[in-house]
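Read-outs throughout are calculated quantities, based only on the coordinates presented, and are distinct from any laboratory measurement. Everything numeric here is computed off the predicted structure, so don't read it as measured data. Ideal geometry is used to build each Cβ from the backbone, glycine not excepted, and the neighbour counts take in all protein chains shown.
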Ligand code: BTN
């Protein structure tokens, strides 16, 4: 399957170019790579930067959650981008990033990786990686707005606390070996460089089918938690060209979701 996805993947740049598309930086310790790049986005005109760290003391997850990172057990990194897109195109960029990360991790580890919309990466129904994409409006004349896209990947089993072991998983458990974080970072960056350049010229449409092929829960009844705390059951159809999730409500109406959190309860019995 992954071979098929790679053959179909439109790439505007050859692999050699993709490897050097992002300028790579490393910090042994950081507060949060997302926070550091957001500050840099406001102060400079830098773009296409990849910042990786060996330890994050104040990592953040989606919905204001804390992202805990034991030293060495995780990959933590963020990209600083200036995609010159309208804000309504950004949700689809999140999906493009999730797709690239899933493809890279699958190719490297052989694990059957799925995406929980919008971009949690799952293996065996448990969370392997999380993505946090943030919009940073420019404060400087002539400098385009920025996007900071961060990803945390569980490399070793010790990457997550024992209490969430039924919801989390590591690459070590999936593939039976430990991966080098720098190597993982390079693979994700190269894959993302290809998807990102396609996204800038053609949008999400050319990668929608590849994304939907990896989407967990297609055709199943899933729960959507809305921002106001309400929860409802819907049937998942798939992502559309804007990166929204198309669902069928219990009343038989088709809707496209922009936000909210999906629970796949009952599909894997986990996430
Ligand atoms: C989630 O699933 O809630 C998203 C987690 C995102 C974590 C990464 S780790 C690197 C980057 N820096 C952060 O503070 N968060 C992201």
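Here are the numbers:
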item	result
Within a Gaussian network of the chain (alpha carbon springs, distance under 10 Å), most fluctuating of 212, 154, 119	212
Beta bridge orientation in the chain: antiparallel %, DSSP, nearest 5	85 percent
Order by protection proxy (mean Cβ within 10 Å, highest first), peptides 23-33, 137-147, 249-259	23-33, 137-147, 249-259
Mean projection area, nm², convex hull over Cα of segment 94-167	6.3 nm²
For segment 107-148, average projected area of the Cα convex hull in nm²	4.2 nm²
Additional length obtainable on full extension of the chain from residue 263 to residue 48, 0.36 nm per residue less Cα span	74.1 nm
For segment 221-263, the spread of Cα positions along each principal axis, largest first, Å	27, 20, 15
Relative counts (whole %) of C-alpha pair distances in segment 2-214, using bins that are 10 Å wide	9, 37, 39, 14, 1, 0
Gain on full stretching of the segment that runs from residue 139 to residue 230 - 0.36 nm per residue minus C-alpha separation	29.2 nm
Highest-fluctuation residue, 37, 108, 75 considered, GNM on the chain with Cα pairs under 10 Å	108
